[in-house]
Structure formats: C-alpha cells, structure tokens
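Shown next, in structure tokens, is the structure this report addresses.
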Amino acid sequence: MASLRAHVFRVPAAGPDDVSRVEALFDDHIDVSTIVAVLGKTEGNGCVNDFTRGYATKSFERLFGEHGVEGVSIVMSGGTEGALSPHWTVFARQEVDAPGDGALAIGVARTPVLAPELLGRREQVRMVAAGVAEAILDAGIENVDDVHFVQIKCPLLTSQRIAEAEAGGKTTSTRDTLKSMALSRGASSLGVAVALGEIDIEAITDADICSRFDLYSRCASASSGVELLDHEIIVLGMSPKWSGPLVVDHAVMQDAIDTHSVRSAWDRLPADGKLTAVLAKAEPDPTGQVGGKRHTMLNDSDIAGTRHARAFVGGVLAGVFGTTELYVSGGAEHQGPPGGGPVAIIVEKGDLK
C-alpha cells in the first residue's frame, strides 16, 4: 500500500543568494521535483524595505527553473537579529511503497492576488481561510486538531499600491506601509483561525484586526513581504496517510520566556528523536511587560520592536534547543496570545536527541 513521505532539510546560508548547499542536496539526498516548499531566514531588517527576501526568492526561483521545477512555495522571513543563523528549511514529499503509519504531513496552496483595498480587512481573512482549507486538503489531514503549524506569506502595502487603489476610488486600511505589514499578518492569521474552526468568521469585523488580540490562532505564523501580491500557504501536521520518521508537535508560548510550554511539546515527541527544525513566532508584548517586568522593545525609535522580539525569543529558544538555526519570525498579531506565539518542533525518530 502506498503512502506519502515527507523530507525536511535544514541548510545554512552564507547570504540571501546562497542556494549552493540546497543544490548540493539534489545529487545525493533529494529529487528536486519532490520539493514543495522552502522556508528561509534572511539577514535583512524584516521591514518594508527588506529586499533580502525578494533576492532570496529570485535566487530560488532561478535555481528551480534551471532544474525545470515550478510551483515551489518560497517563503522568506527577514531578520536574523541577535545570533539567529541565516538558513533555509527545505520541505519535500514523495509517494512511497509503504503503508501510512502516522507521520509529518505537508500541504501547500496559493490564493488569488489580493487587491490593495482588501488588505487588513475581513475579505483578506476569508481569502486566507479558503486557501488554508485547500492546503489542509492537499496535505491529506482529515482532523484540524492534527494541524500543528500554518505558515502564511502575505503581501503588504507600498506607496505605489496605495496610490493605485486610490486612483481607482478605493480606500486602503492604512496609508502607513509599515503598519500594513501588521494588518496583513493579523488578517492572515485570523484566516487560519477561521479555517481551523477556532473562530467564526461572523465574529470578526474589520475593526477587530490588530485590535482584539483575544482572537488568535494556536498555530498560525504569518510573514508579510513586498515580494508578492497573493498568499503562499504551507500547512504542517500529522496524518495516518503519511509514513516515515518525521513527526511534528507544537507549543503555544504564553509569553516570550515561556520555555515550559516549549519543553512540554518537545517531551511529547519521541525521546530518541533528532531535532530537524524549529519554527516560531515572536512579538514584543503589547502590555509593555514580560513576566511582570517592564520591557522597552516598544519604546525604541531606532529599532523596530519586531526586531528586538526576534532576537530575544531566538535567544530563549536557542537555549532550549542548543542551536541558532531557528526560524523565528517577528510580528505575532493574532498568532498565539499577546506577547506569545506558536512554536512547531519537527524531529526525526530513531536518533539520539
């Protein structure tokens, strides 16, 4: 009986154009045609003008094009503040002649192009919810409780996009391009919550987006960028239709120093498992406190709070897992509780932890 099997490779990057070590995998470890997604941490500022994301995306598009491969979901998250290491996480899947025994499942989808005037509004929530449902179906996951991480790459507003909307008589949700990143992440994350049945779409209004932070998803991760106009969606979970050594679980950090939840999730995974990848969200707590103590991440006029949060949570998680190759994405609006966020852990069974 045939099943699907996932493969995940974590590859260091010397720069946003360095895809050489990924290409090296094609010779011995992976059939390039089986790759469905690449998640990357690039060393830009993670803000509107972070062109390392687009640079890296083009580098991978060129690489896959040279090998005749199209349609790979390429999600780049900018910002490797602190000691976070730039790297790529490559996801592949293939059909194998083995029965399904419950393993990591991967699904992907893309939405239509989002009109600028819909960004940060309920229409974006609906669009992403439909895309997530499509990706869950693509993964063969039958129970939404088995979904452990949903990565969304979403668009943002630029001055040009705002001007085009206004020229057509439309009004955008904001004229602040940096704020548009948060609104897009927030609406996308609420779309995940709707798709997973965590929130009813009728309970969400435009005004709730990036306002009512009691509304959130347990496993949404959204990263906005200038390099796309639609949404790329990657769903990770467990399915009995899949086989192989890879398994995934996740935690929801209640705040930036909540290592207890992270360790509990890691303990639920096989004790002999080899760490394969860690995917996490981070944000400066909007209350201005972490663990009851004042923080200043939101008061720094020189460095965006999301950059502080990536560095801080990256350090916390590096202490837990003993590696700096961590996919820590900043800006966790509606992605876990305020000041916290989801953390997905993928391990390979059979080796020492």
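The values are calculated or read from the model by the stated rules, or taken from the named source; none is laboratory data. Since the structure is predicted, the reported quantities are computational estimates derived from the model, not experimental observations. Please note: Cβ atoms are built from the backbone with ideal geometry, for glycine as well, and neighbour counts cover all protein chains shown.
Out of everything in segment 84-100 that is part of a loop (DSSP other than H, G, I, E, B) and farther than 27 Å from residue 280 by Cα, what residue ends up being nearest to the chain's Cα centre (by Cα)?
Going through the qualifying residues, I end up with 100.
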So which residues in segment 151-188 are in contact with a Cys (Cβ under 6 Å, 6 or more places away or on another chain) and not polar (S, T, N, Q), if there are any at all?
182, 183, 186
All positions within segment 128-158 that are assigned to a strand (DSSP E or B) and at positive phi:
none
Say we look at segment 1-46 and pick out the residues that are touching a residue at least 24 places away in the same chain (Cβ under 8 Å) and polar (S, T, N, Q); which of these is nearest to residue 139 (Cα to Cα)?
3
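Got a sec? Which of 328, 320 is part of a strand (DSSP E or B), not hydroxyl-bearing (Ser, Thr, Tyr) and not assigned by TED's automatic domain parsing to the domain that holds residue 189?
So the residue among 328, 320 that is part of a strand (DSSP E or B), not hydroxyl-bearing (Ser, Thr, Tyr) and not assigned by TED's automatic domain parsing to the domain that holds residue 189 is 328.
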So the check is Cβ under 7 Å with 6+ separation or different chains; which pairs have a first residue in segment 175-187 that's in contact (Cβ under 8 Å) with a residue 24 or more places away in the chain and in a helix (DSSP H, G or I) and a second one that's of a type in the set (A, V, I, L, M) and surrounded by fewer than 24 Cβ atoms within 10 Å (Cβ to Cβ)?
177/48; 178/48; 181/48
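Count, please, the residues in segment 202-237 that happen to be over 20 Å from the mean Cα position of the chain (by Cα) and in a loop (DSSP other than H, G, I, E, B).
5
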Does segment 197-208 include one or more residues that are in contact (Cβ under 8 Å) with a residue 24 or more places away in the chain, exposed (fewer than 15 other Cβ atoms within 10 Å of the Cβ), closer than 22 Å to residue 136 by Cα and not aliphatic (A, V, I, L, M)?
yes
Could you tell me which residue of segment 33-59 is surrounded by the fewest Cβ atoms within 10 Å (Cβ to Cβ), considering only residues that are in a helix (DSSP H, G or I) and among the hydroxyl-bearing types (Ser, Thr, Tyr)?
33
